[in-house]
1. In whole percent, what relative contact order does segment 102-156 give with Cα contacts below 8 Å and a gap of six or more residues?
2. Per 0.36 nm of contour for each residue apart, how much would the distance between N321 and L9 grow if the chain were fully extended, relative to their Cα-Cα spacing?
3. What does the charge dipole of segment 211-266 about its Cα centre add up to, to the nearest 20 debye, if the Cβ of each Lys and Arg holds +1 and the Cβ of each Asp and Glu holds -1?
4. With a 10 Å Cβ neighbour count serving as the proxy for reagent exposure, in which order, fewest first, do F272, F118 appear?
5. What's the local net charge at F284, with K and R +1, D and E -1, over the other residues with C-beta under 15 Å away?
6. In Å, what Kirkwood hydrodynamic radius results for segment 171-232 from the alpha-carbon pair distances?
7. Over segment 266-333, what is the relative contact order in whole percent, taking alpha-carbon pairs under 8 Å and six or more residues apart?
8. Can you tell me how segment 184-299 classifies by the Cα gyration tensor, rounded, prolate or oblate, using a/c under 1.5 as the rounded cut?
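Every read-out reported here was derived from the displayed coordinates using simple, explicitly stated rules and does not represent laboratory data. Remember, predicted model here, so these are calculated numbers, not experimental data. Cβ sites come from the backbone with ideal geometry, for glycine too, and all protein chains shown count toward neighbours.
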Amino acid sequence: MRLSIKMYLIIFISASVILYQYHLSNAWLISQTSTQDFRVLNAKNSEKIRNVTTPFNASSISNTNTSYPNTTALCFQPKNKDIDLPPLYIITPTYRRPEQLAELTRLSHTLMLVKNIFWVVIEDAVRKTQLVTELLEKTGLKYEHLIAPMPEQYKKKKKGPKPRGVSNRNRGLKWIRDNAKNGVLYFADDDNTYDLQLFDEIRYTKRVSMFPVGLITKLGVSSPIVKNGVFSGFYDGWMAGRKFPVDMAGFAVSVRFLLKRPKALMPFKPGFEEDGFLKSLEPFEPQDIELLASNCTKILVWHTQTKKNEPSQPLDFAKYNNTNLVMLKQILV
Ligand code: UDP
Ligand code: MN
């Protein structure tokens, strides 16, 4: 009897030791994994943070690939090859309205994740908005802040659509002609939504590249039609006899190609801005288009439109004097 109690005790102690060892080794495994996860996370974050906090420096800009196959390599190897990437010139027209800072914040955070980019922001205004200057400065991006007000004759038009963003884009084109030598230009309105892959694809445009734009007209998309891998027309809810029935966000142009066409300009013709500009790039025909987004089977840019907001109501300064609301009011339209 005594013997069997001893035996049970030995079995119990042995089992406890085995269990404890198992637990220890498991805990070690878990800690190893989480250290690794942490490293992965850190690599991703440091890449992004480096990108957003360092003023433009091509070698420090992060990889825009959406997957991170080898994070250790990403984190510790300087990517000198980024310097060789053709520059992207993003022309953004913008104007003062309640949504402006929200739109520019969102767009800037997209652009901060793109390598070798130059942001040309042109306000439809008679003077630069200080808050826009501050926003641009904060991004750490290489940028140019310009103004180009809509000519009075269009601004005071009572009936029908106005040529929105045209004077701004033409000012942007002039800046490109004066300052850029190579790379690619893209008209990125402040209110659209851009997939990072778009920037990887347009960067190698030789002449003019085109791709689908989502949320355009009742058709839901505007795109070149591709049949058997070949361009065979345009799909757009508003053809209007246009030679190039496409949206402003649906094409990119090689800077060298533009520079060889000194007269290329955007007309002040509502609805025909894209068509007029693309026609002014002659010699250039629809057959010359480079098809992107996997032969136009993907949507990498969306024509999102923000709900319009009324200007904020006046602040009761008598009631809220000496409060934070006085400062907040200065930000609002
Ligand atoms: N825009 C401008 N001045 C205006 C209206 C618009 O500079 O009076 C800019 C606007 O910020 C945007 C682009 O022009 O980047 C196109 O305007 P909007 O988005 O209103 O046009 P939609 O996309 O609806 O055609
Ligand atoms: Mn828009």
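1. Value for segment 102-156: 43 percent.
2. 104.4 nm
3. That gives segment 211-266 a dipole magnitude of about 320 debye.
4. Lowest to highest Cβ neighbour count: F272, F118.
5. Overall, the nearby charge balance is +3.
6. 14.1 Å
7. The value is 17 percent.
8. rounded
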